[in-house]
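The values are calculated or read from the model by the stated rules, or taken from the named source; none is laboratory data. The model shown is predicted, which means the values in this text are computed figures rather than measured ones. A quick note on method: Cβ atoms are made from the backbone with ideal geometry, for glycine too, and the neighbour counts reach across all protein chains shown.
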């Protein structure tokens, strides 16, 4: 037996991921941002996490719990202490917590707060060591989701995708088989992939998880830069003035600094719009107009847009916020509502 003050023996998965490396070693590698370590842990424990979650919630929600648990692992791996127990027990406890929270939230929405689901009982009575991943259930769920999604595609898209990926035909060959123009064939494949994209996240869960994490981290970094930009005393904003198309108190401020990879546009007192109309911000430079993004006005009449920019690009010589009807084109076409350095007539 292990002495009370000694850490438990390292836990190793059987035949999953880097089989010769302990769970504890893989978690330690997460501290240096090692994505391969996360993939290995996902390979080892995704099925187990799904099995635990599926005892509390339906399969689709259990899939969401799997992603949430591994996001938590990536962000809070430092809270795992090998001296307090095995990694398997730790991740099971996180899964239970996430699953129960989701179950309570859904019961609250359904007006069933306080009722207990019979599925809760057997799992809570089992020790962590007694819980084993149901690999068959995990794989069957993923197969069913993908199969149902493919079968739900319109016939033309399903045929084109099958010929492209299962029969490995070229676009030209598919067009010949289906007797359709090559352009139509490419469109059908593109639309089919677009419909399947959310489902392919299930089949490529570890890769998709890393993309989600990377986007969250990039977004957080951009938001921190934006906050510093807005509050910095050494950044002189470019003030966008109102045109006669909007109330005279409406205005905007565009902030950035040399070498920065983000810019921030804030606006005030713009009147709300009704779809399909929208506000869009544009920058003009040596290569012409560039779409910077939509201006989404909140209830208080304010907006904030964080814009990714090229650190080496020269500053714009003109900025405009326009009111566009429908999707914006490659240059401003609608009425100018805010402008720097003043609206051009």
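Applying a threshold of 6 Å to beta carbon distances and a minimum spacing of six or more residues, or different chains, the list of pairs starting in the range 296-324 at a residue that is in contact (Cβ under 8 Å) with a residue 12 or more places away in the chain and not assigned by TED's automatic domain parsing to the domain that holds residue 282 and ending at one that is exposed (fewer than 11 other Cβ atoms within 10 Å of the Cβ) and assigned to a loop (DSSP other than H, G, I, E, B) is empty.
For every residue, the table says whether it meets (1) in a helix (DSSP H, G or I); (2) modelled with pLDDT of 70 or more; (3) surrounded by fewer than 16 Cβ atoms within 10 Å (Cβ to Cβ).
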site	(1), (2), (3)
196	yes, yes, no
217	yes, no, yes
229	yes, no, no
236	no, yes, yes
249	no, yes, yes
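Within the range 33-56, work out how many residues are over 22 Å from the mean Cα position of the chain (by Cα) and assigned to a loop (DSSP other than H, G, I, E, B).
Taking the range 33-56 and keeping what is over 22 Å from the mean Cα position of the chain (by Cα), we get 44, 48, 51-52, 54-56.
After this cut, where a residue has to be assigned to a loop (DSSP other than H, G, I, E, B) as well, the list is 55-56.
The qualifying residues number 2.
Touching a residue at least 60 places away in the same chain (Cβ under 8 Å) and in contact with a strand residue (DSSP E or B) (Cβ under 7 Å, 6 or more places away or on another chain): does that describe residue 328?
Working: touching a residue at least 60 places away in the same chain (Cβ under 8 Å): no; in contact with a strand residue (DSSP E or B) (Cβ under 7 Å, 6 or more places away or on another chain): yes.
It is false that residue 328 is touching a residue at least 60 places away in the same chain (Cβ under 8 Å) and in contact with a strand residue (DSSP E or B) (Cβ under 7 Å, 6 or more places away or on another chain).
If the condition is being at pLDDT 85 or above and closer than 23 Å to residue 272 by Cβ, then the range 328-345 contributes 332, 333, 334, 335, 336, 337, 338, 339, 340. Of the set (1) touching a strand residue (DSSP E or B) at 6+ places or on another chain (Cβ under 6 Å); (2) under 15 Å from residue 319 (Cβ atoms), all apply to residue 268 but (2).
Every residue, every condition in (1) outside the structural domain of residue 27 (by TED's automatic domain parsing); (2) under 24 Å from residue 107 (Cα atoms); (3) surrounded by fewer than 21 Cβ atoms within 10 Å (Cβ to Cβ); (4) in contact with a helix residue (DSSP H, G or I) (Cβ under 9 Å, 6 or more places away or on another chain), yes or no:
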| residue | (1), (2), (3), (4) |
| --- | --- |
| 42 | no, no, no, yes |
| 50 | no, yes, no, yes |
| 62 | no, yes, no, yes |
| 72 | no, yes, yes, yes |
| 75 | no, no, yes, yes |
| 81 | no, no, yes, yes |
| 86 | no, no, yes, yes |
| 89 | no, no, yes, yes |
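Every residue in the range 299-325 that is over 15 Å from residue 265 (Cα atoms), assigned to a loop (DSSP other than H, G, I, E, B) and at pLDDT 90 or above, please. Give the steps one after another, and end with the answer.
Step one: filter the range 299-325 for residues over 15 Å from residue 265 (Cα atoms), giving 299-300, 310-314, 317, 323-325.
When the remaining residues are screened for being assigned to a loop (DSSP other than H, G, I, E, B), the result is 299-300, 310-314, 317.
Residue satisfying the conditions is 317 alone.
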